[in-house]
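Engineer: Once you've had a glance at the structure underneath, I'll fire off some questions.
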């Protein structure tokens with residue numbers, strides 16, 4: 001799976017970086033849900049008085065998504081015979 005990061009400046013000039021944003025195909029059923037979650041995550045960062053400089057979107061999703069959805073997104077493919 002490919003991941004991207006987003007870096008921007010707040011009004012006060014502080015740089016904020018969000019890492020581990022998954023890149024999904026257009027026909028993926030989780031794409032819309034991830035877009036909405038990312039928008040909500042960005043709005044919570046904007047509303048904080050003193051945000052951190054680096055956030056992980058993957059860790060945020062681990063907290064807010066139900067486990068079957070999280071596992072469907074990030075679940076590692078188990079290779080047969082350790083190939």
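The values are calculated or read from the model by the stated rules, or taken from the named source; none is laboratory data. Remember, predicted model here, so these are calculated numbers, not experimental data. Cβ placement follows ideal geometry from the backbone for every residue including glycine, while neighbour counts extend to all protein chains displayed.
Engineer: Cβ contacts < 7 Å: first residue at positive phi and without any contact (Cβ under 8 Å) to a residue 60 or more places away in the chain, restricted to the range 1-22; second residue in a loop (DSSP other than H, G, I, E, B) and surrounded by 11 or more Cβ atoms within 10 Å (Cβ to Cβ), any location; separation 6+ or different chain. Result?
Structural biologist: Cβ pairs passing all conditions: none.
Engineer: Six or more apart or on different chains, Cβ atoms under 6 Å: show the pairs whose first residue is in the range 28-46 and part of a helix (DSSP H, G or I) and whose second is at pLDDT below 95.
Structural biologist: Short answer, once both residue conditions are applied: 31/24; 45/51.
Engineer: Does residue 17 qualify as being surrounded by fewer than 15 Cβ atoms within 10 Å (Cβ to Cβ), in contact with a helix residue (DSSP H, G or I) (Cβ under 9 Å, 6 or more places away or on another chain) and not in a loop (DSSP other than H, G, I, E, B)? Steps first, answer last, please.
Structural biologist: Details: surrounded by fewer than 15 Cβ atoms within 10 Å (Cβ to Cβ): yes; in contact with a helix residue (DSSP H, G or I) (Cβ under 9 Å, 6 or more places away or on another chain): no; not in a loop (DSSP other than H, G, I, E, B): yes.
So residue 17 does not fit the description; no.
Engineer: Name the residues in the range 65-83 that are assigned to a helix (DSSP H, G or I) and either farther than 19 Å from residue 32 by Cα or modelled with pLDDT of 95 or more (or both), would you? I'd like the intermediate steps shown before the answer.
Structural biologist: Taking the range 65-83 first, the residues assigned to a helix (DSSP H, G or I) are 67-74, 80-82.
Passing the criteria: 80, 81, 82.
Engineer: Filter the range 20-29 down to the residues that are farther than 17 Å from residue 59 by Cβ and surrounded by 11 or more Cβ atoms within 10 Å (Cβ to Cβ), then identify the one that is nearest to the chain's Cα centre (by Cα). Don't jump to the end; show me each part of the working.
Structural biologist: Initially, the range 20-29 is screened for residues farther than 17 Å from residue 59 by Cβ, giving 23-29.
Filter once more, keeping what is surrounded by 11 or more Cβ atoms within 10 Å (Cβ to Cβ): 23-24, 28.
Working: 23: 9, 24: 11, 28: 16 Å.
Looking at the filtered set, the residue picked out is 23.
Engineer: Another question, then. Test each condition in (1) surrounded by fewer than 10 Cβ atoms within 10 Å (Cβ to Cβ); (2) modelled with pLDDT of 90 or more; (3) under 27 Å from residue 12 (Cβ atoms) for residue 58 and report the one that comes out false.
Structural biologist: Only one criterion is unmet by residue 58, namely (1).
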